[in-house]
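One structure is given here, and the rest of the page talks about it.
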Amino acid sequence: MNTSSSKEKRKHGSVRIPYDFFACSVPDQFPLVPLHWHNEFELNHIVSGRSEFTCGEDKFMADAGDIILVPPNMIHALYPCENNVQIYNTLVFREELLGISKEERCGISCVEPIINGNRKIMVPVSPKHPAYKEIRNSVEQIFLCAKDNTPLSDLQMKSELLRFLWLLEKSGCIVTVKDQDERQSESVREVLLFISQHYTENITIEYLAEMAHLSRSYFMYRFKKVVGISAMEYIIQLRIKLACEMLRNSALPSLDIAFACGFQNLSNFNRQFKKYVGDTPKHYRNISHIQQAQG
């Protein structure tokens, strides 16, 4: 994920191939997936392991078998559980892949309300759901098409994605949003965007609260309600993610990396790194280099 902005700058897929497929492993490939959003749908299927997943206002433990569909522009994140590796498949796809005109009644009534936040996708769809088997079969077919990655499989993927949405509707996994509080995540995006562009700098809660035109205490309440963690904890997570990248890809000493990521001293950096990664910076770098050498 992009470390310079909570809103991903990259465009997933292309006009010719309007999707991207990822086989992911956390924390093996990256220590965490901090809060972010993008303009595309994101379909996740958990293969194994457990993690803490944030999707808008929903915070839950994602376990093996769970299916999570994130609509466009929805804030989401994934945090691994201690001593637990989660493996999952992700398909990020553009709305255009569905092939539905915004003037069609199914587009107006079924798809657009999901995109604009008037309808909510219930997450996760777990193995306990009555319609899980049929939904899982559809999702597995979608990922097979993504892995096949041919013009013919693209055609099949289009039809299967529509069937998948139909199954979600039919089984009650998509509901109308009645409580305006469900849309609170919109109000913190400006702050999240600022943080993600300046997290290596000295940022105070007072400054963020002023930016949001809220009192300090109410800003802290609103931020944690929407994001699930405090603003300072979110800033630290972004700094740790950047530190992991620098440890893997540079020869800079830990002290220089700590300062470059926004930490004021080495002891605090080491303490926070151990808390979130479960390892020391030195050992993390050594293990990463061994893994890179092995291919």
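Just a few scattered comments:
- Boolean, GLY56 is among the small types (Gly, Ala, Ser) and buried (at least 21 other Cβ atoms within 10 Å of the Cβ): yes
- The set of residues from region 4-38 being in contact with a Phe, Trp or Tyr (Cβ under 9 Å, 6 or more places away or on another chain), at pLDDT below 75 and in a loop (DSSP other than H, G, I, E, B) comprises SER6, GLU8, HIS12, GLY13.
- Screening region 189-215 for residues that are among the polar types (S, T, N, Q) and under 23 Å from the mean Cα position of the chain (by Cα) and picking the one that is surrounded by the fewest Cβ atoms within 10 Å (Cβ to Cβ) gives GLN197.
- Qualifying residue in region 99-109 (condition: within 21 Å of the chain's Cα centre (by Cα), crowded, with 17+ Cβ neighbours inside 10 Å and not assigned by TED's automatic domain parsing to the domain that holds PHE223): no
- Check on ALA146, within 22 Å of the chain's Cα centre (by Cα) and small (Gly, Ala, Ser): yes
- Of all residues in region 14-28, those satisfying the criterion of being out of contact with any Asp or Glu (no Cβ under 6 Å at 6 or more places or on another chain) and under 28 Å from GLU96 (Cβ atoms) are SER14, VAL15, ARG16, ILE17, TYR19, ASP20, PHE21, PHE22, ALA23, CYS24.
- Against the numbered list (1) in a helix (DSSP H, G or I); (2) in contact with a Phe, Trp or Tyr (Cβ under 7 Å, 6 or more places away or on another chain), THR90 comes up short only at (1).
- Once region 111-166 is narrowed to residues that are polar (S, T, N, Q), outside any loop (DSSP other than H, G, I, E, B) and out of contact with any helix residue (DSSP H, G or I) (no Cβ under 6 Å at 6 or more places or on another chain), the residue that is farthest from ALA23 (Cα to Cα) is SER159.
- Criterion (within 30 Å of LYS275 (Cα to Cα), assigned by TED's automatic domain parsing to the domain that holds ASP28 and surrounded by 14 or more Cβ atoms within 10 Å (Cβ to Cβ)) met by exactly one of HIS129, HIS76: HIS76
- Count of region 226-237 residues which are assigned to a helix (DSSP H, G or I) and more than 13 Å from VAL191 (Cβ to Cβ): 3
- Residue pairs whose Cβ atoms lie under 7 Å apart, separated by 6 or more positions or on different chains, with the first residue in region 209-222 and within 18 Å of GLU57 (Cβ to Cβ) and the second polar (S, T, N, Q) and outside any helix (DSSP H, G or I), are MET220/SER230.
- Scanning region 48-64 for residues that are touching a Ser or Thr at 6+ places or on another chain (Cβ under 9 Å) and free of Cβ contacts under 8 Å to residues at least 60 places away in the same chain gives GLY49, MET61, ALA64.
- Taken over region 203-239, the criterion of being touching a strand residue (DSSP E or B) at 6+ places or on another chain (Cβ under 8 Å) and of a type outside the set (Ser, Thr, Tyr) is satisfied by VAL227, GLY228, GLN237, LEU238.
- Identity of the residue in region 112-143, among the charged types (D, E, K, R) and either modelled with pLDDT under 95 or farther than 16 Å from LEU165 by Cα (or both), that ends up farthest from the chain's Cα centre (by Cα): LYS128
- Scanning region 53-72 for residues that are in a loop (DSSP other than H, G, I, E, B) and touching a helix residue (DSSP H, G or I) at 6+ places or on another chain (Cβ under 9 Å) yields GLY56, GLU57, GLY65, PRO71, PRO72.
- Odd one out for LEU252 among (1) of a type outside the set (Asp, Glu); (2) more than 25 Å from the chain's Cα centre (by Cα); (3) in a helix (DSSP H, G or I): (3)
The values are calculated or read from the model by the stated rules, or taken from the named source; none is laboratory data. Here the structure is a predicted model, which is why all the values come from computation and not from measurement. Virtual Cβ from ideal backbone geometry, glycine too; neighbours counted across all protein chains shown.
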